[in-house]
Amino acid sequence: MHAIALFLSITIFTYSCSSPQKPMMKNHSLIEGCPENISIKLGQTYAIKLPAIEGTGYLWIPKPSAFISWDEDEKYEKIITNSNPNEPEMVGSPTRQILTFKGIKTGRSQIVLEYMRPFGSRKIEKSCQFNLNVTP
């Protein structure tokens, strides 16, 4: 009886380790703050606030686009998670990274932001994609 249980355990473990699996990337529509569509006027600025943990090395990094220019400053805001907003912020506390861009060319484009460390393996942890329309 124990031999059958051991055989099944080994078989299941071997199968799970050898099965090709897609990397786990969170669906962009499930990421708080990730819009579906944005429409701005030429020269207008827009800020997106996406969940991040400041100080971990992970950042939301935008893919280049001919229609917008990104503010390169890293900006964060604290997420208030309890009833005492004056409590000191702890290392690893949830924050939102604020990404600001400006429309520089009229047209439509899909914008992609990837949450990753810009060094090392550069494995993408999350992605935010939205449609952008820059109007005159």
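Assorted remarks:
- Taking a Cβ cut-off of under 15 Å around Phe119, the surrounding Lys, Arg, Asp and Glu residues balance to a net charge of 0, with basic ones at +1 and acidic ones at -1.
- For Val134, neighbours were defined as the other residues whose beta-carbon sits under 9 Å from its Cβ, and their charges (Lys and Arg +1, Asp and Glu -1) total +3.
- Checked against a 19 Å cut-off, the cross-linked pairs Lys63/Lys102; Lys49/Lys126; Lys41/Lys102; Lys49/Lys78; Lys75/Lys123; Lys63/Lys105 give Cα-Cα distances beyond that limit for Lys75/Lys123.
Throughout, read-outs are computed from the coordinates displayed, never taken from laboratory work. These numbers were taken from a predicted model, which means no experiment stands behind them. Neighbour counts are summed over all protein chains in view; Cβ atoms, including those assigned to glycine, are modelled from backbone coordinates with ideal geometry.
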